[in-house]
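Working notes, beginning with the structure itself.
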Amino acid sequence: MGKTLKRSAAFSALARALATGARGGPSLGARLAALPRMIRATARGEYDGGLRLALMTAATAYIVSPVDLLPEIPLAVFGLADDAVMITWLAGSVLAETERFLEWEARRRSVIPGRATL
């Protein structure tokens, strides 16, 4: 019973952390909801995330591709390690870039369109 309580406490702590965001930042849901907006803003040339989005897309393609640089079967642990490294990098990149995008969106909302006169 003790292990079950520890596991449930760990899962509920993880759920709370994901819901509220790390260090008071945006929640995971807010970050994931920002992805389509970030892609649209980048495609329109409004947001400067083009290279980062391209790298994240390439990492996603590498992870889901059946062709691997280091195949899993003959290389066992090493074949899985390259996928784990890519997944870790991709997750960190998505978190960092969506936070950067949400900050950009907030700054953009605070700007009043018009002309500056000197």
What are the residues in region 34-59 that are surrounded by 14 or more Cβ atoms within 10 Å (Cβ to Cβ) and closer than 28 Å to D83 by Cβ, if any?
A34, L35, M38, I39, T42, G49, R52, L53, L55, M56, A59
Within region 26-118, considering only helices (runs of 4 or more DSSP H) that don't extend past its boundaries, which have at least 3 residues that are of a type outside the set (A, V, I, L, M, F, W, C) and modelled with pLDDT of 85 or more?
28-43, 50-64, 77-109
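The values are calculated or read from the model by the stated rules, or taken from the named source; none is laboratory data. Computed from a predicted model, the values in this text were never measured in an experiment. When we count neighbours, we look across all protein chains shown, and the Cβ atoms used for this are built from the backbone with ideal geometry, even at glycine.
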